[in-house]
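The values are calculated or read from the model by the stated rules, or taken from the named source; none is laboratory data. It should be emphasised that the depicted structure is a prediction, and the values quoted were computed from it without experimental measurement. Heads up, the Cβs are rebuilt from the backbone with ideal geometry, glycines too, and the neighbour counts pull from every protein chain shown.
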Amino acid sequence: MKKDIRILLVLLFLSFQSLVSANIVIVKGTIKDSSNFYLANRLVKIYSTDSTNGGCIISHNVYTNPNGHYIDTLRCTSGDIRKLYIIVENCDGTKLTRDPAVTATGVVEVNFIVCARPNIPPPIPGCKAVFAFTTNDSLAQFNSKESHAGSIPGAVHDSIISRTWNFGDSTVVLTGNRIDPNHIYKKAGKYLVTLTIKTKSGCESSYQLLIEIKLHVIATNCKAFFTSIVTDSIAKFNSTGSQASVYPGIAADSIVSRTWYFMDNYPNIATLTGNRVDPSYIYKQPGTYQVYLVIKTKLGCESKFTAPVTIKAPAPPTTCKASFTKTITDGLVKFKSADSKAASDSDVIVSRYWIFGETTSVAGVLQGNIIDPNHTYAKPGKYIVLLYIKTRSGCESKYADTIIISKVVCTAKASFSTEKISLKKVLFNSNLSTVQPGDSIIQRTWKFGDNTYIQGNTIKLEREYPTQGIYTACLQIVTLNGCKADTCKQVIVQDTANVPTVPNDYIKILAINPNPVIYNFRATIFSSAKDIECEIDVYDIYGMLKSTMKKLLAKGNNIVEVQTANLYHGPYFLRVISKSGKDSKIFYKL
């Protein structure tokens with residue numbers, strides 16, 4: 001009876017111990033590498049994954065200590081721990097997984113070995129790298145066909161799978177399996193060349209040779225040279241003064257190539273190749289051009305020489321003569337210039353420019369080739385009339401005369417109204433313009449203040465502005481009797497009419513000093529806004545642009561110096577243009 005009681009107590013104790021171990025599990029172990037060294041600070045992931053019948057899901061991460069050991073305790077208060085997974089990362093990134101059983105003791109030990117090396121057989125011994133070489137100037141030719149792999153009697157014969165060439169001159173190492181490569185050396189000298197071979201079984205061998213490169217001698221004391229003679233637009237060159245190289249003990253050198261660069265239409269450069277000693281070249285425009293000659297010799301010498309050539313514009317004839325007569329009736333003056341003469345019987349007048357002295361703007365100049373123009377003066381006074389002629393041969397002449405207007409009969413008045421008919425569209429109407437009895441309006445010129453204008457004789461028109469803003473619109477009328485009248489007014493193109501007015505003259509040329517000018521002059525230019533970029537141009541009376549430059553104008557008066565030293569005598573126009581406005585003024589070059 002007592003024996004049965006003892007057996008029962010043992011069974012109860014074991015049952016109680018089994019119950020405790022299922023709720024608390026201790027996991028421990030070590031991590032070593034293939035060389036039996038313990039690895040510290042290695043991550044171990046421990047999972048309890050069986051959740052059936054009230055089991056627990058647990059995830060723990062622990063790290064090995066400096067001795068390569070790890071230990072962790074898993075607790076489950078609502079069930080049993082039945083199934084474990086323990087994961088460690090191998091050296092190649094793969095996962096090593098263990099799923100140990102939970103013992104009755106509640107202690108699970110799992111050890112890992114990571115970074116295990118595969119069982120690689122030792123390389124077959126006896127491989128040998130060797131090469132031979134030949135040189136030709138800077139070219140070295142190598143051959144490694146005598147290199148061989150090792151072998152063991154009774155085993156499979158080994159083979160070379162890699163040849164690495166180091167040519168000893170700091171160039172890129174040649175990899176792959178080239179048996180007989182070539183290499184070009186840039187400098188003469190001695191170089192240590194190394195060949196390293198590898199075989200299929202892993203055998204390695206290196207071989208070195210010291211080689212010497214003797215580069216071909218290139219001549220360096222040749223000299224390019226030429227002279228030039230200019231006649232009108234033709235430049236004749238002569239390079240017989242160029243010399244090939246001269247070296248004692250070296251075969252006589254000679255020039256085998258001459259390349260000429262005439263530089264007359266950059267970047268499209270005119271080039272003459274070959275070996276021309278004395279070429280000629282025709283330049284299309286006057287100017288100074290840099291010419292280059294590059295020579296090459298048989299021994300490889302190269303030399304360059306450069307010199308400028310200047311092509312002058314032909315001087316125009318000066319025997320033409322401008323002349324005119326006049327008839328004055330009140331404010332109307334009739335001019336006749338049929339007596340003006342060209343430079344010769346074969347020459348003709350191709351352009352007449354009339355400046356009537358009444359205004360200094362571009363509109364006061366009559367352009368074209370009108371022989372007998374009429375001009376009506378708006379008010380009495382003394383006026384200097386200038387006639388400039390230009391002939392087909394380039395001859396220019398001017399004639400000036402003073403006329404006195406004592407009485408004018410011209411009562412034309414320009415007037416127009418504006419009506420805003422949409423956000424940016426305005427209706428203009430000039431039917432309020434008037435002329436004296438017996439006269440009529442034959443031309444209306446509308447300027448809308450946005451750098452656009454319309455010529456013709458339109459009385460009423462609609463205009464849509466590109467953007468909202470304040471514009472200064474102007475109307476000029478011309479009558480049958482030659483009367484002219486102008487008027488301007490502001491046009492507000494905005495959502496509301498309660499907009500402050502702005503000054504009309506955004507850009508204004510206030511003065512040109514001196515005028516007439518001998519060398520250079522200073523222009524006083526007013527700007528109503530600050531930091532306005534403008535373009536300042538000089539035009540001759542034929543409308544040809546002579547010079548241009550860009551300036552940033554400050555608010556107020558700006559002093560700008562204009563270069564005129566290269567201009568011929570005669571009248572010119574200074575024009576200033578910016579996004580805020582434009583203005584022009586005439587000046588004279590003595």
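For the reader, a short list of remarks on this structure follows.
- Screening T376 with (1) modelled with pLDDT under 85; (2) surrounded by fewer than 19 Cβ atoms within 10 Å (Cβ to Cβ) gives one miss only, at (2).
- For the range 240-345, the strands (runs of 3 or more DSSP E) that sit wholly inside it and include 1 or more residues that are crowded, with 16+ Cβ neighbours inside 10 Å and not assigned by TED's automatic domain parsing to the domain that holds H375 are 255-261, 280-282, 287-297, 302-311.
- The range 425-460 - residue that is in a strand (DSSP E or B) and among the polar types (S, T, N, Q) and, of those, surrounded by the fewest Cβ atoms within 10 Å (Cβ to Cβ): Q455
- For the residues F573, F521, F526, the requirement of being surrounded by 13 or more Cβ atoms within 10 Å (Cβ to Cβ), in contact with a helix residue (DSSP H, G or I) (Cβ under 8 Å, 6 or more places away or on another chain), in a strand (DSSP E or B) and not assigned by TED's automatic domain parsing to the domain that holds T467 singles out F573.
- Residue within the range 176-186 that is polar (S, T, N, Q) and either surrounded by 18 or more Cβ atoms within 10 Å (Cβ to Cβ) or free of Cβ contacts under 8 Å to residues at least 24 places away in the same chain (or both) present: yes
- Selected residue (only one of V385, V365 is buried (at least 16 other Cβ atoms within 10 Å of the Cβ), modelled with pLDDT under 90 and in the same structural domain as S340 (by TED's automatic domain parsing)): V365
- Tally, over the range 368-424, of residues that are over 56 Å from the mean Cα position of the chain (by Cα), part of a strand (DSSP E or B) and either polar (S, T, N, Q) or within 30 Å of Q468 (Cα to Cα) (or both): 1
- Residue ID - surrounded by the fewest Cβ atoms within 10 Å (Cβ to Cβ), chosen from residues in the range 107-138 that are among the aliphatic types (A, V, I, L, M) and at pLDDT below 80: I120
- Leading residue by the ranking (surrounded by the most Cβ atoms within 10 Å (Cβ to Cβ)) among those in the range 406-424 that are of a type in the set (G, A, S) and modelled with pLDDT under 90: A412
- Every condition in (1) in a loop (DSSP other than H, G, I, E, B); (2) within 33 Å of the chain's Cα centre (by Cα) holds for N515 except the one numbered (2).
- Pairs meeting the criteria (first residue in the range 445-465 and at positive phi, second residue surrounded by 13 or more Cβ atoms within 10 Å (Cβ to Cβ) and of a type outside the set (G, A, S), beta carbons under 6 Å, at least 6 apart or on different chains) are G449/Y471; G449/T472.
- Out of D450, D439, sole residue that is in contact with a Leu (Cβ under 8 Å, 6 or more places away or on another chain) and not hydrophobic (A, V, I, L, M, F, W, C): D439
- Residues being free of Cβ contacts under 8 Å to residues at least 12 places away in the same chain and surrounded by 14 or more Cβ atoms within 10 Å (Cβ to Cβ) - total across the range 188-239: 0
- Of the residues making up the range 561-576, those that are touching a Lys or Arg at 6+ places or on another chain (Cβ under 9 Å) and either of a type outside the set (A, V, I, L, M) or free of Cβ contacts under 8 Å to residues at least 12 places away in the same chain (or both) are E561, T564, N566, Y568, H569, G570, P571, Y572, F573, R575.
- Among residues that are in contact (Cβ under 8 Å) with a residue 12 or more places away in the chain, among the acidic types (D, E) and either under 18 Å from C320 (Cα atoms) or out of contact with any His (no Cβ under 7 Å at 6 or more places or on another chain) (or both), D345 is not included.
- Figure legend. Inter-residue proximity from the range 272-288: first residues hydroxyl-bearing (S, T, Y), second residues in a loop (DSSP other than H, G, I, E, B), beta-carbon distance below 7 Å, spacing 6+ or different chains. Indicated pairs: Y281/F262; Y283/S233; Y283/D264.
- Filtered residue count, the range 245-282, keeping only those that are at pLDDT 90 or above, at negative phi and not polar (S, T, N, Q): 13
- Residues in the range 65-85 that are in contact (Cβ under 8 Å) with a residue 40 or more places away in the chain, closer than 12 Å to R42 by Cβ and buried (at least 18 other Cβ atoms within 10 Å of the Cβ): Y70 alone.
- Filter pass, A554 being among the hydrophobic types (A, V, I, L, M, F, W, C), without any contact (Cβ under 8 Å) to a residue 24 or more places away in the chain and surrounded by fewer than 16 Cβ atoms within 10 Å (Cβ to Cβ): no
- Residue within the range 546-559 that is in a loop (DSSP other than H, G, I, E, B), among the hydrophobic types (A, V, I, L, M, F, W, C) and touching a strand residue (DSSP E or B) at 6+ places or on another chain (Cβ under 8 Å) present: yes
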